[in-house]
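Data first, discussion second: the structure below is written as structure tokens.
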Amino acid sequence: MSKKILICFGTRPEAIKMCSLIHELKKDATYLIKVCVTAQHREMLDQVLEFFEITPDFDLDIMKANQSLNELSGRIFIKMDAVLSDFHPDLVLVHGDTTTSSVCAWAAFNKGVKVGHVEAGLRTFDKTSPFPEELNRQITGRISDYHFAPTIISRNNLIGENVLESDIKVTGNTVIDSLYWAVDKLKNNYKNETIVDLEATLDFTKKIILVTGHRRENFGEGFLNICKALKQIAKDTSVEIVYPVHLNPNVQKPVIELLSGYSNIHLITPLDYPSFVWMMMQAYLIITDSGGVQEEAPSLGKPVLVMRDTTERPEAVTTGTVKLVGTNFQAITQNTKELLEKTALYEKMTKAHNPYGDGQATKKIVEFIKQKLG
Ligand code: UD1
Ligand code: UDP
């Protein structure tokens, strides 16, 4: 009987990073592959599933408006128990650092099922930043049997935590596999209504600044500072600011309250993945607190100002595409204005490089699984 693999995820970034792996795994008939989405996100998850043409076998339909982390975790534990009892997988694959990842890994462990962790070993070693992702990732690392580390730095973090070298594979990040897929489609004239709308709405004679933000540790004062800084930039410079606003109510409320009504700030709904990639390609500069965007932008040669004090992704900071600016008003406005005005500084940050992989991560993960599972 063929071995069974259950792939679990629940949020937009996990979906973007796991869908290309699902396609790679399904190329090989050796394994019976099933997909379980917790649907910790709903609309933002479904956008991605649709683009990658993935229909989940199990949909836990967990999302509730603004639920607490404990309620979210409890509901995933209960529903995962039933899925694991029904499917009896030999291996559960989880991704990254969300509540879905750590709880699905833990639920599998409680049932005696092996766990593989994609995007393993990223660390800030600060439990409060990113919150709760740093601890989610550490917990998932403790539980997992196989660790797919995107970079040497992440592999070394795991070795430092006594993970056996033979259980780690450095693969690059699957986000680059997905990015190449999307860029390829866009270069082959893929267009959708959203892209057509954006082409009609935005003034492309101006520099475009693309903004995203959603980190829990930035809620409250952090977001107020971010909004104040964006308002100042919109007032003082001739740019178009495009801000697809994350659906989390803690983000929606301050952003819509503080940034509505400015002709050069475009607050829009979260973009479907290909439209977001297209938007990154049009951007002069990206300002974000996102993990995934920090990984994608270097491949596109786009400078990124990261609104965080710490990052578990130091590679692109070292190579120079990414700069940490925190949520400090002064740091955000100052650094943005410098990049708008100083060509040499800007060009230094635009050298395209791929510290997070070469688009072959999914293939390497599948090879390693075959080695381990047989
Ligand atoms: C979650 C992850 C975070 C990841 C981010 C990616 C945790 C604790 N957080 O944060 O690590 O970086 O996703 O975006 O795992 N909502 C909707 N529709 C959606 C998605 C969210 O309405 O499609 C609203 C709901 O009210 C939901 C709330 O946003 O309750 C928060 O969602 P949640 O997944 O708990 O947190 P995120 O901030 O999205
Ligand atoms: N993204 C998207 N639409 C948007 C904003 C982001 O498809 O409106 C994609 C982006 O390309 C990246 C991922 O979502 O791959 C990042 O997700 P997010 O910032 O929500 O989470 P994080 O990466 O911080 O966990």
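Within region 96-108, is even one residue outside any strand (DSSP E or B), of a type in the set (Phe, Trp, Tyr), within 15 Å of ligand 1 (Cβ to nearest atom) and closer than 15 Å to ASP145 by Cβ?
Our first condition is that a residue be outside any strand (DSSP E or B); within region 96-108, this holds for 96-108.
Filter again for of a type in the set (Phe, Trp, Tyr), leaving 106.
Checking the rest, the ones that are also within 15 Å of ligand 1 (Cβ to nearest atom) come to 106.
Filter again for closer than 15 Å to ASP145 by Cβ, leaving 106.
Looking for residues that are outside any strand (DSSP E or B), of a type in the set (Phe, Trp, Tyr), within 15 Å of ligand 1 (Cβ to nearest atom) and closer than 15 Å to ASP145 by Cβ, one finds at least one in region 96-108, hence yes.
Tell me which residues, restricted to region 277-295, are away from ligand 1 (no atom under 16 Å from the Cβ) and either in contact with a Gly (Cβ under 9 Å, 6 or more places away or on another chain) or open to solvent by 10 Å² or more (accessible area, probe 1.4 Å) (or both).
TRP278, MET281, GLN282, TYR284, ILE287
Give me a count of the residues in region 169-205 that are over 19 Å from GLY357 (Cα atoms), within 16 Å of ligand 2 (Cβ to nearest atom) and β-branched (Val, Ile, Thr).
3
Are any residues in region 163-211 open to solvent by 20 Å² or more (accessible area, probe 1.4 Å) and among the polar types (S, T, N, Q), and if so, which ones?
SER166, ASN188, ASN189, ASN192, THR194, THR201, THR205 - these are the residues of region 163-211 that are open to solvent by 20 Å² or more (accessible area, probe 1.4 Å) and among the polar types (S, T, N, Q).
Taking into account only those residues within region 220-271 that are under 24 Å from ASP197 (Cα atoms) and of a type in the set (Gly, Ala, Ser), which is most open to solvent (accessible area, probe 1.4 Å)?
Ranking the qualifying residues of region 220-271, first place goes to SER263.
Being of a type in the set (Val, Ile, Thr), farther than 21 Å from SER20 by Cβ, under 18 Å from the mean Cα position of the chain (by Cα) and modelled with pLDDT of 95 or more is true for just one of THR124, THR151, THR140, THR98. Which residue is that?
Selected residue: THR124, the only one of THR124, THR151, THR140, THR98 that is of a type in the set (Val, Ile, Thr), farther than 21 Å from SER20 by Cβ, under 18 Å from the mean Cα position of the chain (by Cα) and modelled with pLDDT of 95 or more.
For (1) under 17 Å from PHE131 (Cα atoms); (2) among the polar types (S, T, N, Q), each residue gets a yes or a no:
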| position | (1), (2) |
| --- | --- |
| LEU202 | no, no |
| LYS207 | no, no |
| LEU210 | no, no |
| ARG215 | yes, no |
| GLY220 | yes, no |
| ALA229 | no, no |
| VAL239 | no, no |
| ASN248 | yes, yes |
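Condition check: in a loop (DSSP other than H, G, I, E, B) and modelled with pLDDT of 95 or more. Does PRO56 satisfy that?
yes
If I filter region 300-309 for residues that are open to solvent by less than 30 Å² (accessible area, probe 1.4 Å), among the β-branched types (Val, Ile, Thr) and at pLDDT 95 or above, do I get at least one hit?
Within region 300-309, one or more residues are open to solvent by less than 30 Å² (accessible area, probe 1.4 Å), among the β-branched types (Val, Ile, Thr) and at pLDDT 95 or above.
Quick check on my filter: what residues within region 1-52 are part of a helix (DSSP H, G or I) and small (Gly, Ala, Ser)?
Hits for region 1-52 are ALA15, SER20.
From the list PRO270, PRO298, PRO274, exactly one residue is in contact with a Ser or Thr (Cβ under 9 Å, 6 or more places away or on another chain) and in a loop (DSSP other than H, G, I, E, B). Which is it?
PRO270
For residues in region 120-149 being among the charged types (D, E, K, R) and either open to solvent by less than 10 Å² (accessible area, probe 1.4 Å) or in a helix (DSSP H, G or I) (or both), which is farthest from ligand 1 (Cβ to nearest atom)?
Filtering first and then ranking leaves ARG142.
The values are calculated or read from the model by the stated rules, or taken from the named source; none is laboratory data. Note that this is a predicted model, so its numbers are computed, not measured. Every residue, glycine among them, receives a Cβ derived from its backbone with ideal geometry; neighbour counts consider all protein chains shown. These area figures cover heavy atoms from the full protein model, side chains too; ligands, DNA and RNA do not enter into them. Shrake-Rupley method; radii C 1.70, N 1.55, O 1.52, S 1.80 Å.
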